Amino acid sequence: MKRIGLLTGGGDAPGLNGIIEAVVRSLREQGVTVVGIQDGFEGVFEGRTTELTSGIVDGAHQKAGTLLGTSNKSSTQGRVEEFQKKFASLQLDGLIAAGGDGTFQALGRVIHGLKIIGVPKTIDNDLAGTDLTFGFDTACAVVAESVDALRATANAHRRVMIVEAMGRTAGWIALGGGLASYADAILIPERPFDRKALADFLRHRRAAGHRGCMIVASEGVAAVGEKASIAFRVPGSPQAERFGGFSEQLARWIESEVDWESRHVVLGHLQRARHPTTTDRFLTLMMGYEVAQMVRENDWNKAVVYRDGQVTRAPLSDLMKPARLVTPDHKWVQVAQSMGIFI
Ligand code: F6P
């Protein structure tokens, strides 16, 4: 009987529990035992595992977080031999890893001699090799619902309200959530904005009689010729610099430059904390099913990905390529422009 390991690495994303439940349920039907590795790579180094029984996983799909725990700090850097030794001692026939760029970079170092199936995961939607990652739709829903709610207070007080979305160097969440809520302006890192053009846009809106104005800003955005705002650093993390502070600075700048009262809201980890949307649930259900087929067919060192509207398979190395960013002329950018949204 096969024993397969399953770990979740990097920042959590809504849908991780769905992947766990879908994988375990379909592999259980094949008589495969799934061993959950706790807290990402830490569980391998420290030998912390737990057998994933139906009592543990059934019904988990509806919750955010990951029942296995995760870490976006642990890595295999400088610990390749140790990892391979520790992994061998777990006596597993293969490993299913759900993670983001940090997880796959780390696995890239130790892949030799291992059987791995990769599952792309990040709310940022910026992982190479797949058109979509689970967690993204849920994060966009949080942004869109927040913009819709905050518009009421922005209009009541005649204010510009800036909603800061996550996403690191990628603007997918701000763009997706901002479009879904018809925000007035969407600022993303891939399109550094012109300060004068934004100030003119706001003055024009106010002159046209708009009481409030909703801006969605990606945490990693910067004006033309400026640098993104870094809030703090996390030593040892594959993503050491954490963005933050932009929306507050922008609010003060709008007040002084445009003389329009402004407030900012940083949505932060609420974007990762909502229960997954139906779209994310379907995606993890279909990916979990596909992973189980790959195990049954012994089709290792591949990733399950979403391409051209289908869940399919791709070389694992596809997930290790540079981040997938919004192209400046992306269809969603064109749609925003055609709606009169500042982008
Ligand atoms: O990569 C996912 C993400 O949520 C980013 O959008 C964000 O910048 C970062 O993780 C936050 O990381 P942490 O949970 O360490 O604060």
Exceeding the 21 Å Cα-Cα cut-off - candidates 121/302; 85/115; 86/115; 121/331; 121/321 = 121/331
For the range 212-343: rounded, prolate or oblate by the Cα gyration tensor [a/c cutoff 1.5] = prolate
query = Roughly what angle does helix 246-258 make with the longest principal axis of the chain, taking Cα atoms, 0 to 90 degrees, to the nearest 10?
reply = 10 degrees
query = For residue 1 and residue 226, FRET efficiency with R0 = 45 Å and r from the beta-carbon atoms, rounded to 0.05?
reply = 0.20
query = Percentage of Cα-Cα pair distances in the chain greater than 39 Å, rounded to whole percent?
reply = 20 percent
request  = Calculate how steeply helix 136-157 sits against the longest principal axis of the alpha-carbon atoms of the chain, using the helix alpha-carbon long axis, and give the answer as 0 to 90 degrees to the nearest 10.
outcome  = 20 degrees
remark   = Between the Cα axis of helix 195-207 and the main Cα principal axis of the chain, the angle (0 to 90°, nearest 10) is 60 degrees
ask   = Plugging the Kirkwood radius over Cα pairs into Stokes-Einstein for the range 136-272, at a temperature of 10 °C and a viscosity of 1.306 mPa s, what D comes out in µm²/s?
value = 107 µm²/s
request  = Give me the number: length gained by fully extending residue 105 to residue 259, i.e. 0.36 nm times residue separation minus the C-alpha to C-alpha distance, one decimal in nm.
outcome  = 50.8 nm
request  = State, to one decimal in nm, how far the label point of residue 269 lies from the label point of residue 338, with both points 7 Å from Cα in the Cβ direction.
outcome  = 4.0 nm
key: Order by protection proxy (mean Cβ within 10 Å, highest first), peptides 82-92, 187-197   = 187-197, 82-92
message = If you average the alpha carbon positions of the range 99-123 and of the range 1-33, how far apart do those two centres end up, in angstrom?
response = 15 Å
remark   = Using the Kirkwood radius over Cα pairs of the range 25-171, the Stokes-Einstein translational diffusion coefficient at 4 °C and 1.567 mPa s, in µm²/s and rounded to a whole number, is 72 µm²/s
note = Most packed first (mean Cβ within 10 Å per residue), the peptides 19-27, 225-233 order as 19-27, 225-233
message = As a test of the formula, what do you get for the chain when each DSSP H run with n ≥ 4 contributes -39,500 (n - 2.57) and the sum is divided by the residue count, at 222 nm and rounded to the nearest 500 deg cm²/dmol?
response = -11500 deg cm²/dmol
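FYI, it's all coordinate maths here, none of it is from the lab. What you are looking at is a predicted structure, and each value in this text was computed from that prediction instead of being measured. With ideal geometry, Cβ positions are generated from the backbone for all residues, glycine too; neighbour counts draw on all protein chains shown.
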